[in-house]
Amino acid sequence: MTVHAFVDESRRNDTYYLAAAIVQPRDLARLRSRLRGLLLPGQRELHFYREKPARRREIVSRLVEFGATVRVYEASCRRSEEIARRECLTRVTDDLVDLGAHRLVLDSREIRDELDRSTISRALAKRLESGGLVYEHMNSAGDPLLWIADIAVWCHGAGSDWARRAAPLIGEVVRLDWP
């Protein structure tokens, strides 16, 4: 199965979250179009924490209707957020190779993107077969599919009613440093 993954992050207290929206190639154009349809006049992108609660509820409901699927990776960031990100991104890369993923798109962190490239390269180098996984960083306004991960991980990390609303989006939660 060739899939594409779109990755974004969140942090809540001492927990770092990395979310990967997994999209089948046949769904790429449809989901992009539907996500763009959620923009308000003048908006270039959806960034969930900037939205008002009523709008957030509407967006999550629509995303659930769209049938999006997200994997969430969690790690403690008490030692360092970059260490937690590296642990999550290494596991994401391994899982994507196992899925036969073709493309990985990460929300850009600008000068810190090089750290991600190094992490992904090391993870792929440890694999006998990388499956031809290509990866790139992109600004979240550059591809609406990055918004799926942003929304799902924000809700998951917020817990309570938000996590309940987003639960149909979350296909799996991988806790990296829990017993």
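The values are calculated or read from the model by the stated rules, or taken from the named source; none is laboratory data. All of these numbers come straight from a predicted model, not from anything done at the bench. Quick reminder, even Gly has a Cβ in these numbers, built from the backbone with ideal geometry, and neighbours come from all protein chains shown. Calculation scope for accessible area: heavy atoms of the full protein, side chains included, ligands and nucleic acids excluded. Shrake-Rupley method; radii C 1.70, N 1.55, O 1.52, S 1.80 Å.
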Quiz item: In segment 136-160, what count of residues is obtained for those that are more than 19 Å from Asp27 (Cβ to Cβ), part of a helix (DSSP H, G or I) and open to solvent by less than 60 Å² (accessible area, probe 1.4 Å)?
Solution: 6
Practice problem: Among the residues of segment 38-67, count how many are within 17 Å of Gly157 (Cβ to Cβ) and either open to solvent by less than 50 Å² (accessible area, probe 1.4 Å) or out of contact with any Phe, Trp or Tyr (no Cβ under 8 Å at 6 or more places or on another chain) (or both). | Solution: 11
Exercise. Could you identify the single residue in Arg175, Arg164 that is farther than 26 Å from Leu31 by Cα, open to solvent by 30 Å² or more (accessible area, probe 1.4 Å) and out of contact with any Cys (no Cβ under 8 Å at 6 or more places or on another chain)?
Key: Arg175
Quiz prompt | Among (1) under 26 Å from Ala163 (Cα atoms); (2) surrounded by 14 or more Cβ atoms within 10 Å (Cβ to Cβ), the one test that Leu133 misses | solution = (1)
Exercise. Take Arg103 and decide whether it is open to solvent by 30 Å² or more (accessible area, probe 1.4 Å) and under 15 Å from the mean Cα position of the chain (by Cα).
Key: yes
Exercise. Please find, within segment 1-22, the residue that is surrounded by the most Cβ atoms within 10 Å (Cβ to Cβ) out of those that are within 15 Å of the chain's Cα centre (by Cα) and closer than 19 Å to Ala167 by Cβ.
Key: Ala20
Quiz item: Within segment 45-58, is there a residue that is among the basic types (Lys, Arg) and modelled with pLDDT under 95?
Solution: yes
Exercise. List the number of the failed condition for Asp94; all other conditions in (1) closer than 27 Å to Ser33 by Cβ; (2) open to solvent by 20 Å² or more (accessible area, probe 1.4 Å) hold.
Key: (1)
Quiz item: If you check Leu128 against the conditions, is it open to solvent by less than 10 Å² (accessible area, probe 1.4 Å) and aliphatic (A, V, I, L, M)?
Solution: no
